1. Set the Förster distance to 22 Å, then compute FRET efficiency between residue 29 and residue 69 from the Cβ-Cβ distance, nearest 0.05.
2. How far apart, in nanometres, would the label points at residue 1 and residue 60 be if each is projected 7 angstrom from Cα along the Cα-to-Cβ direction?
3. Enumerate the calculated ³J(HN,Hα) couplings along the range 47-52 in order (Karplus 6.51 cos²θ - 1.76 cosθ + 1.60, θ = phi - 60°), each rounded to whole Hz, writing x wherever the residue is Gly or Pro.
4. Could you work out how far apart the two model spin labels at residue 90 and residue 13 are, taking each label as a point 7 Å from the Cα in the direction of the beta carbon, and quote it in nm?
5. Got a sec? Which residues in the range 54-75 would a label at residue 22 touch, if it sits 7 Å along Cα→Cβ and we count backbone N under 18 Å?
6. Taking only Cα atoms of the range 1-88, what ratio of Rg to Rh do you get with Rh as the Kirkwood inverse-distance radius?
7. Among 20/56; 20/64; 50/76, which pairs are too far apart, with a Cα-Cα distance over 18 Å?
Amino acid sequence: MNDPLGDMLTRIRNALMRGKSTTHSPASKIRGWVLDVLVEEGYIRSYETKVSAAGKPEFEISLKYYEGAPAIREIKRISTPGRRVYSGVSSIPTRKEWPRRVDRIDAPRCDVRRAGTRRQCWRRSALHRVLRRLECHVSANGP
């Protein structure tokens, strides 16, 4: 498998399209880190590490729905092993361009006058940090 993260995102996307409540994915540290962020930001309910029938660890991912619609409207891997896409902080979509459900995820840039200090201005949510490194895109449905 060349792209384990892309594989996990595809499994989540396929399960959401089929209306499944859970899906399985092989376990790894980087997948666990991404799932931690998705749980923390409210895109999925939870995940557990289990042992498959073959004796290998895997994640059981509990998916989230809001009023019958999936909580994740779109999830895709932008930068793949065959096509690397590099971007700076300024090219990450702002809140107006990329609507979010969670209020604490703000635009990657902020106004120093409103934030109070430059240090507060440079703080980023966990989702922005991880997604910037992985070049993934997630958009949500819901309140």
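1. Working: r = 31 Å, r/R0 = 1.42.
With R0 = 22 Å, the Cβ-Cβ based efficiency is 0.10.
2. 1.8 nm
3. Going residue by residue, I get 8, 10, 8, 10, 9, 6 Hz, with x marking Gly and Pro.
4. For the pair residue 90/residue 13, the computed spacing is 3.0 nm.
5. Those under the cut-off are 54-65.
6. Numbers: Rg = 13.4 Å, Rh = 13.8 Å.
In the range 1-88, Rg relative to Rh is 0.97.
7. Values: 20/56 23 Å; 20/64 10 Å; 50/76 25 Å.
Flagged as over cut-off: 20/56; 50/76.
Every number here is computed from the coordinates shown, using simple stated rules; none is lab data. Treat the numbers as computed from the prediction; the structure is a model and nothing was measured. When we count neighbours, we look across all protein chains shown, and the Cβ atoms used for this are built from the backbone with ideal geometry, even at glycine.
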